[in-house]
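Take a look at the structure below.
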Amino acid sequence: MTQPMLSVLAHPYTSLHPVTKGPGEMRERGREPGTALVWCMGSRYAASLDAVADRPGGMSLLVVLPPGLEVALDRDVRMAVERSRPHGILPFHTEPHPTDLAQALRRPPYDLASDVTDYLSWRGLGIDRETAHIIRRIVDLSAELRSVSAMSRSLYLSRRAIGRRFMSRGLPVPSHWLQMARLLRVAAKLQNSEATVASIAIEHGYPDGFSVSNQMERLIGHRPSEIRERLGWEWILEAWLRQEAEIGALTPTLTRGSRPTPDRAPRRLRRSTATQSS
């Protein structure tokens, strides 16, 4: 049986649930952490493009390409995929298996800094180019740096100057961006390793598992056990944005609704390394 064009993959990732009631159903299902929209493009993919690109924030997208070797040369297909900002891209299969899709969903970002700023743009945050560059550098530096002081030295900007810039644009304070980026790296490890929370925390510069667990609860509203079970990273970033909005630390247009703006495409396409079962 051929898979419907649009389906939802949700925890515990054992089955696909066809979308039958349109955007309202996607918005409802997209509220659940770790949910992905699966788009089997097929030959009539244009009919679903708007709904896919306008899916709820935090809902990852897994694209299953149309059949045919010529798809890589099809400009319209490439533009449709770029507009939709997918989490992963898989080759054509008449019945994508949930296990393969879940494996693609758990795949950590190839370039976390670029993926985060791409997401913020797609999400409609409206950040100017220079501030977006600073955010990208903060996320990139989060792989090694642990403090805002060290971060500001690496950016050649004072803590006060960075803080003023973010505050004037209605954005969370720089320390929260650094903490969020570090937690995204922890989340990727949790979802792709059997290691204990304590060992992962220490590996990423935290003194113990309790510290990282408490910071996740404070900034994201979820514990490591939930992060490990609910795959993907977009929902984690979205949960943080909403937490910041609730405390008044995020005030751009994003806080007024849940509709992303898909006008800008990511800088590159990434084909998932997950394989499809025959």
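Below, the figures for the structure above:
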item	result
Test: LEU178 is closer than 25 Å to LEU125 by Cα and in contact with a strand residue (DSSP E or B) (Cβ under 9 Å, 6 or more places away or on another chain)	no
Region 157-180: number of residues that are assigned to a helix (DSSP H, G or I) and either over 13 Å from GLU130 (Cβ atoms) or of a type in the set (Lys, Arg) (or both)	13
Tally of residues being free of Cβ contacts under 8 Å to residues at least 12 places away in the same chain and in a loop (DSSP other than H, G, I, E, B) across region 215-238	1
Of the criteria (1) surrounded by 14 or more Cβ atoms within 10 Å (Cβ to Cβ); (2) touching a helix residue (DSSP H, G or I) at 6+ places or on another chain (Cβ under 8 Å), which one ALA195 fails	(1)
Enumeration of residues in region 155-183 that are within 18 Å of MET216 (Cβ to Cβ) and of a type in the set (Phe, Trp, Tyr)	TRP177
SER142 being over 14 Å from MET5 (Cα atoms), at pLDDT below 95 and either in the same structural domain as ARG165 (by TED's automatic domain parsing) or not basic (Lys, Arg) (or both)	no
Residue count for region 225-278, restricted to those that are under 20 Å from PRO12 (Cα atoms), aliphatic (A, V, I, L, M) and modelled with pLDDT under 50	1
Set ALA51, ALA47: member being surrounded by fewer than 16 Cβ atoms within 10 Å (Cβ to Cβ), over 16 Å from the mean Cα position of the chain (by Cα) and touching a residue at least 24 places away in the same chain (Cβ under 8 Å)	ALA47
Pairs, first at negative phi in region 158-175, second surrounded by fewer than 16 Cβ atoms within 10 Å (Cβ to Cβ) and of a type in the set (Asp, Glu), C-beta under 8 Å, six or more apart	ARG169/ASP128
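The values are calculated or read from the model by the stated rules, or taken from the named source; none is laboratory data. What you are looking at is a predicted structure, and each value in this text was computed from that prediction instead of being measured. Virtual Cβ from ideal backbone geometry, glycine too; neighbours counted across all protein chains shown.
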